[in-house]
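The next block holds one structure in the form of structure tokens; read it before the comments.
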Amino acid sequence: MQKVSDVFLDNIKNLPIWVKQVMAREILDDMNKKLADFNELTQSEVLFQYMVPKLSFKGKQELQEKSMRLSGAFYTFLQDLSEENNMFEITVKNSWSFADTAKIFVKCDELEFLNTSDRTLDKNIALAMFIAGKIKTGEFLKKIGRIDAIQLEQAIRYQKQLNDEGRHIKMASIMIKMAFISDKGLDSLLLLKEEAKRRLPVSIGITSIKCDSPEEEQNQVLRLQKEITRLESENLIMKKRLKKLLNIN
């Protein structure tokens with residue numbers, strides 16, 4: 001069956017070249033503007049989105065036996081990796097946010113379900129941990145090589161000193177004060193984390209996914225329709241909660 005992410009990308013690639021020229025320029029300008037201080041995270045040879053870590057023996061065993069009784073999303077993730085789907089495909093195919101994928105990836109890595117010993121992937125793993133909320137700003141900057149262990153320790157001590165004085169300042173602000181990152185750099189980090197929470201529309205490519213058989217096509221359509229229903233239900237629940245919080249009848 002054709003991958004959902006391929007359908008998404010093909011829909012863009014099939015646009016007229018004169019449209020793609022404008023898109024390429026606008027997107028590049030947008031990326032440079034929003035992530036200027038962290039271009040190493042967007043120009044890496046292997047982005048986190050392209051990662052396809054191999055399952056460890058423990059991961060394969062858990063996928064088969066499900067002895068830990070994890071939520072279904074974890075087994076979906078492991079199954080997708082066993083089929084050599086990358087993080088982008090897994091995210092789009094399952095209608096997850098990028099943050100959802102990052103959280104599952106980090107947990108699976110902690111449970112030793114994955115082989116992530118390749119040190120060239122350290123920055124991308126750090127990005128996943130940051131997006132997942134597993135590490136904070138200072139540790140993230142250390143892991144991607146923007147500050148060293150001594151600078152991080154200095155920042156932590158300075159923050160503790162301010163806390164003892166009754167001035168509670170976030171680490172990101174400490175990093176700016178100590179000139180480790182700029183205001184623009186902080187904006188970039190916040191943008192990375194916030195944008196990771198957004199989902200692509202579930203309906204992308206629903207009518208153009210190519211399957212190997214009519215049965216498989218029907219199953220794919222039913223899966224997507226079920227996901228749309230689930231998201232609509234979630235949206236309705238959130239609206240009701242918001243009305244209750246705001247005391248709206």
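The values are calculated or read from the model by the stated rules, or taken from the named source; none is laboratory data. Everything numeric in this text was worked out from a predicted model, so none of it was measured. Here Cβ is always computed from backbone atoms with ideal geometry, including for glycine, and neighbour counts include all displayed protein chains.
Out of all the residues in region 115-161, which are part of a helix (DSSP H, G or I) and without any contact (Cβ under 8 Å) to a residue 12 or more places away in the chain? Full working, then the answer.
The first filter runs over region 115-161 and keeps only residues part of a helix (DSSP H, G or I), leaving 119-131, 137-143, 149-161.
Answer for region 115-161, where residues must be part of a helix (DSSP H, G or I) and without any contact (Cβ under 8 Å) to a residue 12 or more places away in the chain: 119, 142, 149, 150, 153, 157, 160, 161.
Residue check: residue 116 meets all listed conditions (1) closer than 22 Å to residue 194 by Cα; (2) surrounded by 15 or more Cβ atoms within 10 Å (Cβ to Cβ) but one, namely (1). Applying the set (1) over 13 Å from the mean Cα position of the chain (by Cα); (2) surrounded by 14 or more Cβ atoms within 10 Å (Cβ to Cβ) to residue 130 leaves exactly one unmet item: (1).
A single member of 40, 45 is part of a loop (DSSP other than H, G, I, E, B), modelled with pLDDT under 85 and either under 20 Å from residue 7 (Cα atoms) or in the same structural domain as residue 127 (by TED's automatic domain parsing) (or both), and it is 45.
The single condition among (1) at pLDDT below 90; (2) out of contact with any helix residue (DSSP H, G or I) (no Cβ under 6 Å at 6 or more places or on another chain) that residue 171 does not meet is (2).
When region 72-104 is filtered for residues that are farther than 16 Å from residue 197 by Cα and not in a helix (DSSP H, G or I), the ones remaining, listed by number, are 83, 84, 85, 86. Would you confirm, using the coordinates I've provided, whether residue 157 is of a type in the set (Lys, Arg), modelled with pLDDT under 90 and surrounded by fewer than 12 Cβ atoms within 10 Å (Cβ to Cβ)? No: the conditions fail for residue 157. Considering every residue within region 187-204, establish whether at least one is in contact with a Gly (Cβ under 9 Å, 6 or more places away or on another chain), assigned by TED's automatic domain parsing to the domain that holds residue 78 and either touching a residue at least 24 places away in the same chain (Cβ under 8 Å) or within 28 Å of residue 71 (Cβ to Cβ) (or both). Scanning region 187-204, I find at least one residue that is in contact with a Gly (Cβ under 9 Å, 6 or more places away or on another chain), assigned by TED's automatic domain parsing to the domain that holds residue 78 and either touching a residue at least 24 places away in the same chain (Cβ under 8 Å) or within 28 Å of residue 71 (Cβ to Cβ) (or both), so the answer is yes. Please verify whether region 136-144 includes one or more residues that are closer than 17 Å to residue 191 by Cα, in the same structural domain as residue 194 (by TED's automatic domain parsing) and among the charged types (D, E, K, R). So far as region 136-144 goes, yes, one or more of its residues are closer than 17 Å to residue 191 by Cα, in the same structural domain as residue 194 (by TED's automatic domain parsing) and among the charged types (D, E, K, R).
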